[in-house]
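The values are calculated or read from the model by the stated rules, or taken from the named source; none is laboratory data. This structure is a prediction, so every number in the text was calculated from the model and none was measured. Quick reminder, even Gly has a Cβ in these numbers, built from the backbone with ideal geometry, and neighbours come from all protein chains shown. For accessibility, only protein heavy atoms count, side chains too; no ligands or nucleic acids. Shrake-Rupley method; radii C 1.70, N 1.55, O 1.52, S 1.80 Å.
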Amino acid sequence: MRRVLSVIVLNEHGVLSRIVGLFSGRGYNIDSLTVAPLAGGEFSRINIVTSGDERVFEQIVKQLHKLIPTYKVIESEEFIEKEMALVKIPLNENLGGLDAVLKAYNGVIANSNENFLFLMVADDATRIDNFLKTIKKYNPSDIVRSGSVLMEIK
Amino acid sequence: MKEISGSTMVCEALRAEKVKVVFGYPGGAALNIYDEIYTQTYFKHILVRHEQAALHAADAYARMSGEVGVAIVTSGPGFTNTITGLATAYSDSIPLVLISAQVANSLIGTDAFQEIDAVGISRPCVKHNYLVKNIQELPRILKEAFYIATSGRKGPVHIDIPKDVTAALGIWDYPQEITMKTYKPNYKGNAKQIKKFVELLKEAKRPLFYLGGGCVASNASEELRELVKITQIPAVETLMALGTLRSDDALNLKMAGMHGSYAANMALSECDLLISVGARFDDRITGKTSEFAKRAKIVHIDIDPSSISKIINAHFPIVGDIKSVISQTLDELKRDQFEIQTQEWLETLKRYQNLYPLSYEDSDEVLKPQWVIQECAKLAPDARIITDVGQHQMWVAQFYPFNFPRQLATSGGQGAMGYSLPAALGAKLAVGEKEVVVNFVGDGSVLMNIQELMTAYEYGIVVINIILNNAFLGMVRQWQSMFYDEHFSQTDLSVQADFVKIAEGFGCEGYDIKTKDEFRSAFKRALNSQKTTLLNVAIDRFEDVLPMVPAGGAIYNMILPKLKDKK
């Protein structure tokens with residue numbers, strides 16, 4: 001079962017290794033991971049998408065709490081969850097209908113040069129999946145997808 | 001405030017933490033620290049002969065004294081040699097501080113001579129670790145390391161200090177107290193939970209305490225003895241908890257698990273309320289988890305929330321320090337009159353104890369290891385006991401009458417061979433001149449750190465080492481015998497070293513022993529000797545440790561000893 005959680009940790013040397021090492025050392029899976037410092041710089045927020053049954057997830061949360069630099073583990077039922085995708089499309093493709101696709105997915109043309117258009121979309125994981133399926137017909141030459149960024153609603 | 005060097009800071013921190021003994025081994029990156037050690041007078045430094053031994057010695061020092069153990073090593077291989085020691089202390093929650101030297105900051109990441117990513121390697125084997133990037137951080141990190149090692153669920157903490165930091169000058173501002181935003185161990189049990197727990201105790205018909213290493217770590221023996229006495233609830237102990245209750249306490253069903261007593265394992269299987277106290281449901285205790293205590297409600301008391309429901313689902317968790325929680329429970333129980341009806345349950349367990357007591361067939365032809373252990377207990381009843389890992393470890397756990405906590409130091413969670421010889425030295429330094437330290441070791445494991453006889457000789461650390469020598473890697477041989485068609489692959493050690501000559505070569509005393517009289521006489525000589533002694537005792541080669549639960553089996557399905565006079 002897919003699970004998402006955020007961990008607030010001290011923003012110090014090696015802290016990401018501790019988190020990742022905990023997952024790898026105990027055989028838990030990380031589906032996606034995003035990290036950035038919080039305002040003020042003392043703490044960082046690590047967003048993790050993982051999978052496992054109730055028991056595994058409970059252990060993950062407990063083990064994360066056990067790490068000395070862990071300040072808080074957020075396991076809200078209601079997160080706003082967004083991923084980002086960047087897509088590079090050759091300009092010599094037939095771009096008909098691209099505007100409508102971008103509009104449907106709140107996407108924008110983030111940049112362009114003489115050879116390529118660079119598209120950017122931010123949405124939840126399922127809709128990003130759909131967007132990437134749709135955009136295939138424009139024969140993208142590169143796709144980069146981020147991990148989930150999470151914010152609890154309550 | 002005055003400025004002092006990083007090396008001076010290390011020594012000042014050890015002074016502030018009242019560290020009396022440090023185990024270590026110098027090297028290039030640690031030269032500044034060792035130059036400071038040369039002139040300081042705060043603590044005694046014991047030069048071991050292998051870095052792994054420094055950790056095992058510091059570990060047993062901590063187990064025996066209840067204080068923190070400290071070791072100092074150099075970078076690269078000096079540090080990597082400590083990993084087994086760190087892992088051993090981590091598995092058994094032993095408070096240690098390891099200080100390793102690192103190459104200078106400017107060389108980190110260049111594959112410099114004796115450089116290794118020490119914090120990267122130690123991370124899975126420690127409670128926490130630090131790489132000190134600059135001198136300003138060092139006082140805080142040193143203080144935090146001691147605080148983290150000795151608080152909450154105790155464990156080893158590693159500090160890696162680059163050589164330039166040990167030379168740099170900085171302000172010595174050692175914190176008196178530590179408050180960490182992210183680390184606040186919870187000691188007191190939730191009052192409502194304690195009340196409910198007491199209700200469960202009163203209602204139970206077949207309750208059982210399952211005591212683990214946390215009882216020793218939190219010095220809760222006195223409270224637990226009182227709790228057992230006033231409730232008349234029987235108890236089983238794990239290897240790590242031996243001595244929490246007296247061995248002759250009628251309510252002590254002895255060690256449980258793979259080599260536990262019949263009564264202990266049957267009690268676990270038939271209880272209706274299992275109260276786990278500072279134990280972590282190791283697979284050597286539970287056997288097949290689906291069959292473990294399956295009729296029981298599980299109360300799980302532990303200071304570490306991540307231990308609760310990790311293996312066996314707890315119906316009733318209490319997070320807190322064992323000493324606090326048990327004291328709270330006693331207070332709650334004493335608030336009113338109570339009677340817990342355990343008589344019928346105790347009678348059942350008594351039958352189990354009488355049906356298959358821990359026993360062996362003695363012989364006058366060949367020495368039995370169990371006899372040697374019992375004889376040692378007669379000759380030195382209050383000795384501190386150290387064991388290595390294997391058959392001898394289990395025989396000691398079964399047959400030595402442990403009567404007080406911290407009487408035994410053994411590598412429980414990791415089962416690290418090579419532990420006991422350096423551990424015996426650390427133990428002796430912790431307990432002092434008057435107490436006897438006896439190290440039981442196998443003929444395989446003794447060779448893994450035998451060089452520490454040299455350390456014993458140099459510092460006049462007097463311990464008695466007993467090799468229970470069956471010329472086998474005994475426990476592996478036992479498994480090969482029972483489960484691998486007697487294919488004794490790579491376990492026959494019948495080509496032997498002359499252990500007496502080895503002992504003498506290191507300045508110690510050695511005796512070869514083949515009979516009961518020889519053992520009694522040599523052990524008495526060892527008790528009166530001013531030197532460390534090595535008794536090489538030839539025991540029955542094919543004696544097995546029984547009872548035994550095959551790995552992964554249900555703990556009520558035990559292979560039991562066949563006794564001639566069994567009714």
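Determine whether B:Ile159 is at pLDDT 95 or above, within 22 Å of A:Gly21 (Cβ to Cβ), part of a strand (DSSP E or B) and open to solvent by less than 10 Å² (accessible area, probe 1.4 Å). Against the criterion (at pLDDT 95 or above, within 22 Å of A:Gly21 (Cβ to Cβ), part of a strand (DSSP E or B) and open to solvent by less than 10 Å² (accessible area, probe 1.4 Å)), B:Ile159 qualifies.
Identify all residues within the stretch B:522-552 that are open to solvent by 70 Å² or more (accessible area, probe 1.4 Å) and either modelled with pLDDT under 95 or assigned to a helix (DSSP H, G or I) (or both); write none if there are none.
The initial filter retains those residues of the stretch B:522-552 that are open to solvent by 70 Å² or more (accessible area, probe 1.4 Å), namely B:524-525, B:528, B:530-531, B:541-542.
The answer is B:Lys524, B:Arg525, B:Asn528.
Can you name the residue in the stretch B:155-201 that is of a type in the set (D, E, K, R) and within 13 Å of chain A (Cβ to nearest Cβ) and, of all such residues, is farthest from B:Ile303 (Cα to Cα)? Let's see the steps before the verdict.
As a first pass, look at the stretch B:155-201 and keep what is of a type in the set (D, E, K, R): B:160, B:163-164, B:173, B:177, B:181, B:184, B:188, B:192, B:195-196, B:199.
Checking which are within 13 Å of chain A (Cβ to nearest Cβ) leaves us with B:160, B:181, B:184.
Numbers: B:Asp160: 28, B:Lys181: 19, B:Lys184: 12 Å.
Among them, the one singled out is B:Asp160.
With respect to B:Asn129, is the statement that it is within 10 Å of another protein chain (Cβ to nearest Cβ) and either modelled with pLDDT of 95 or more or surrounded by fewer than 22 Cβ atoms within 10 Å (Cβ to Cβ) (or both) true? So B:Asn129 passes the test.
Restricting attention to the stretch A:80-104, which residues are touching an Asp or Glu at 6+ places or on another chain (Cβ under 6 Å) and of a type outside the set (Lys, Arg)? The one that is touching an Asp or Glu at 6+ places or on another chain (Cβ under 6 Å) and of a type outside the set (Lys, Arg): A:Glu81. Inside the stretch A:49-63, residues that are open to solvent by 60 Å² or more (accessible area, probe 1.4 Å) and within 19 Å of A:Phe79 (Cβ to Cβ) make up a count of 2. The set of residues from the stretch B:429-455 being open to solvent by less than 10 Å² (accessible area, probe 1.4 Å) and of a type in the set (A, V, I, L, M, F, W, C) comprises B:Val437, B:Val438, B:Phe440, B:Val441, B:Val446, B:Leu453.
Among the residues of the stretch A:20-48 satisfying the criterion of being within 16 Å of A:Val73 (Cβ to Cβ) and assigned to a loop (DSSP other than H, G, I, E, B), which is nearest to the other protein chains (Cβ to nearest Cβ)?
From the stretch A:20-48, those within 16 Å of A:Val73 (Cβ to Cβ) are A:20, A:22-23, A:26, A:28, A:30, A:33-35, A:38, A:43-48; that's our starting set.
Keeping just the survivors that are assigned to a loop (DSSP other than H, G, I, E, B) gives A:26, A:28, A:38.
Numbers: A:Arg26: 10, A:Tyr28: 13, A:Leu38: 13 Å.
The residue in question is A:Arg26.
Figure legend. Inter-residue proximity from the stretch A:48-72: first residues without any contact (Cβ under 8 Å) to a residue 40 or more places away in the chain, second residues part of a helix (DSSP H, G or I) and open to solvent by 10 Å² or more (accessible area, probe 1.4 Å), beta-carbon distance below 6 Å, spacing 6+ or different chains. Indicated pairs: A:Lys62/B:Pro305.
Going through the stretch B:1-52 one residue at a time, which ones are β-branched (Val, Ile, Thr) and open to solvent by 50 Å² or more (accessible area, probe 1.4 Å)? Working first, answer last.
Initially, the stretch B:1-52 is screened for residues β-branched (Val, Ile, Thr), giving B:4, B:8, B:10, B:19, B:21-22, B:33, B:37, B:39, B:41, B:46, B:48.
If the condition is that a residue be β-branched (Val, Ile, Thr) and open to solvent by 50 Å² or more (accessible area, probe 1.4 Å), then B:Thr39, B:Thr41 are the ones that fit.
Each residue in the stretch A:55-75 was checked for being within 22 Å of the chain's Cα centre (by Cα) and of a type in the set (D, E, K, R), and 3 pass.
Would you be able to say whether some residue in the stretch B:99-114 is open to solvent by 30 Å² or more (accessible area, probe 1.4 Å), within 14 Å of chain A (Cβ to nearest Cβ) and among the small types (Gly, Ala, Ser)? Give the derivation first.
To start, the set of residues in the stretch B:99-114 that are open to solvent by 30 Å² or more (accessible area, probe 1.4 Å) comprises B:105-111, B:113-114.
With within 14 Å of chain A (Cβ to nearest Cβ) added as a condition, the list becomes B:105, B:108-109.
If we keep only those that are among the small types (Gly, Ala, Ser) as well, we get B:109.
There is at least one residue in the stretch B:99-114 that is open to solvent by 30 Å² or more (accessible area, probe 1.4 Å), within 14 Å of chain A (Cβ to nearest Cβ) and among the small types (Gly, Ala, Ser).
Restricting the stretch B:228-240 to residues that are free of Cβ contacts under 8 Å to residues at least 60 places away in the same chain and not β-branched (Val, Ile, Thr), the residue that is surrounded by the most Cβ atoms within 10 Å (Cβ to Cβ) is B:Glu237. Within the stretch B:115-126, restricting attention to residues that are more than 7 Å from chain A (Cβ to nearest Cβ) and open to solvent by 40 Å² or more (accessible area, probe 1.4 Å), the residue that is nearest to B:His158 (Cα to Cα) is B:Ile121.
Looking only at the stretch A:8-19, decide whether some residue is of a type in the set (S, T, N, Q), in a loop (DSSP other than H, G, I, E, B), more than 10 Å from chain B (Cβ to nearest Cβ) and without any contact (Cβ under 8 Å) to a residue 60 or more places away in the chain. Reasoning before the result, please.
Filtering the stretch A:8-19 for residues of a type in the set (S, T, N, Q) gives A:11, A:17.
Of the ones still in play, those that are also in a loop (DSSP other than H, G, I, E, B) are A:11.
Adding the requirement that they be more than 10 Å from chain B (Cβ to nearest Cβ) leaves A:11.
Applying the additional criterion that residues be without any contact (Cβ under 8 Å) to a residue 60 or more places away in the chain yields A:11.
Among the residues of the stretch A:8-19, at least one is of a type in the set (S, T, N, Q), in a loop (DSSP other than H, G, I, E, B), more than 10 Å from chain B (Cβ to nearest Cβ) and without any contact (Cβ under 8 Å) to a residue 60 or more places away in the chain, which makes the answer yes.
Scanning the stretch A:106-129 for residues that are farther than 18 Å from A:Glu93 by Cβ and in contact (Cβ under 8 Å) with a residue 24 or more places away in the chain yields A:Ala122, A:Asp123, A:Asp124, A:Ala125, A:Ile128. Residues in the stretch B:448-494 that are within 25 Å of the chain's Cα centre (by Cα) and in a loop (DSSP other than H, G, I, E, B): 9 in all. Residues in the stretch B:199-232 that are closer than 19 Å to B:Gly260 by Cα and part of a loop (DSSP other than H, G, I, E, B): B:Gly212 alone.
Scanning for something away from every other protein chain (no Cβ under 14 Å), surrounded by fewer than 19 Cβ atoms within 10 Å (Cβ to Cβ) and either at pLDDT below 95 or touching a Gly at 6+ places or on another chain (Cβ under 6 Å) (or both), does the stretch B:391-399 turn up at least one residue? Checked against the condition, which is being away from every other protein chain (no Cβ under 14 Å), surrounded by fewer than 19 Cβ atoms within 10 Å (Cβ to Cβ) and either at pLDDT below 95 or touching a Gly at 6+ places or on another chain (Cβ under 6 Å) (or both), the stretch B:391-399 yields no hits at all.
Counting only residues that are part of a helix (DSSP H, G or I) and hydrophobic (A, V, I, L, M, F, W, C), which one in the stretch B:53-75 is surrounded by the fewest Cβ atoms within 10 Å (Cβ to Cβ)?
Looking only at the stretch B:53-75, we keep the residues that are part of a helix (DSSP H, G or I), and these are B:53-65.
Now narrow it down to the ones that are hydrophobic (A, V, I, L, M, F, W, C): B:53-55, B:57-58, B:60, B:62, B:64.
Values: B:Ala53: 29, B:Ala54: 31, B:Leu55: 33, B:Ala57: 34, B:Ala58: 35, B:Ala60: 33, B:Ala62: 29, B:Met64: 25.
Among them, the one singled out is B:Met64.
Could you tell me which residue of the stretch B:489-521 is surrounded by the fewest Cβ atoms within 10 Å (Cβ to Cβ), considering only residues that are among the small types (Gly, Ala, Ser) and touching a strand residue (DSSP E or B) at 6+ places or on another chain (Cβ under 7 Å)?
Restricting attention to the stretch B:489-521, the residues satisfying the condition of being among the small types (Gly, Ala, Ser) are B:489, B:494, B:497, B:503, B:505, B:507, B:510, B:521.
Imposing the further condition that a residue be touching a strand residue (DSSP E or B) at 6+ places or on another chain (Cβ under 7 Å) reduces the set to B:503, B:510.
Numbers: B:Ala503: 25, B:Gly510: 22.
If we take residues in the stretch B:489-521 being among the small types (Gly, Ala, Ser) and touching a strand residue (DSSP E or B) at 6+ places or on another chain (Cβ under 7 Å), then B:Gly510 is surrounded by the fewest Cβ atoms within 10 Å (Cβ to Cβ).
The requirement of being open to solvent by 40 Å² or more (accessible area, probe 1.4 Å) and either without any contact (Cβ under 8 Å) to a residue 40 or more places away in the chain or of a type in the set (Asp, Glu) (or both) is fulfilled somewhere in the stretch B:76-84, by at least one residue.
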